[in-house]
Amino acid sequence: DGCDTAHKACILSALAYGFQPQLDKVQVEGIRSLSGTDVKYAAELGYRIKLLACIAKDGNEVEVGVHPTLIPLGHMLANVNDAFNAAMVKGDMSDYTMYYGRGAGRAPTASTVVGDIGDIARRLAHGETRYQRGIPNYAEEQASLRKAGDISSKFYLRFMLIDRPGAMGILATALGKYGVSISALSQKDVNGEGEPVPVVAMTHMAKTSNLDEALAEIAKSGVISEEPVKLRVL
């Protein structure tokens, strides 16, 4: 459900920007409802789906969110598997660097616990720690959490389109009405005549709130047989 990742995202936001958001205010989507169908279609498009936390600062607003995300197969984050975790950082001068290692397992967890015990003992004995815990104080800036709807991204969309004349036009018109531009569109195999048709779309950068309004209008139009799937694209 993305809860562990969300906690890590809040800590990373504090370390990077001196701003720790309230956990219940952070938009968190886990992988519980992720479909194998979308994993398959993403692979056909050259992507792998990973649960990704994103933390970024723009002006005095900090974006913090956790979402299943399509990542290009050749990207380093797409190849982080099993018990391994990775954090990728973009610096103003250093560009991208990545930190990679085991995030679970008996030995890695024990190593961290022993380190914390040593840190506590050092604090009790000498009043000092290896590092200062807590949030940096950036007095000159009062950061706030960016609203989830204000965040822009590229998106993967999947619709189960009812096989009837004009259905595709209604779908495209609704997306265009809210400023959502399609970069690629494909129709998948149909099980039988009259069955809903899987339609996969990739968007250009779109504001989340605009896309949500478009998807709500499409859902009400009666041209799809189930709720549309929306996944972010790195």
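The values are calculated or read from the model by the stated rules, or taken from the named source; none is laboratory data. Small disclaimer: the values here were computed from a predicted structure and weren't measured. Glycine gets a Cβ as well: all are built from the backbone with ideal geometry, and neighbour counts include every protein chain shown. These accessible areas exclude ligands, DNA and RNA; they are computed on the full protein's heavy atoms, side chains included. Shrake-Rupley method; radii C 1.70, N 1.55, O 1.52, S 1.80 Å.
For this structure, a couple of remarks:
- In segment 26-82, trypsin sites (Lys or Arg not before Pro) in a DSSP loop with at most 15 other beta-carbon atoms within 10 Å: Arg32
- Candidate aspartates and glutamates for bridging to Lys207, where Cα separation is under 19 Å - those fewer than 8 sequence places away on the same chain excluded: Glu29, Asp58, Glu61, Glu63, Asp150, Glu217
- Choice from Glu195, Glu128, Glu217 showing the highest fluctuation, given a GNM over the chain with Cα pairs closer than 10 Å: Glu128
- Each of Ala56, Ala125, Gly115 was scored by the projection of its Cα onto the charge dipole of the chain, and the greatest displacement toward the positive side belongs to Ala125; charges sit on the C-beta of Lys, Arg, Asp and Glu.
- Loop-resident chymotrypsin sites (Phe, Trp or Tyr not before Pro) (DSSP state other than H, G, I, E or B) in segment 40-121 with no more than 10 further Cβ atoms inside 10 Å of their Cβ are absent.
- When you restrict to C-alpha pairs under 8 Å that are six or more residues apart and normalise by the size of the chain, the relative contact order lands at 19 percent.
- Most fluctuating residue given options Ala53, Ala107, Ala87, as computed from a GNM of the chain linking Cα atoms under 10 Å: Ala107
- Solvent-accessible area per residue in the chain equals 60 Å², computed with a 1.4 angstrom probe and all protein chains kept.
- Contour minus Cα-Cα distance for Gln142 and Ile117 (0.36 nm per residue): 5.6 nm
- Our estimate of slack between Ser35 and Thr109, defined as 0.36 nm per intervening residue step minus the Cα-Cα distance, is 23.6 nm.
- Filter on Lys8/Lys147; Lys57/Lys177; Lys25/Lys188; Lys154/Lys220 - keep pairs with C-alpha separation over 26 Å: Lys57/Lys177; Lys25/Lys188
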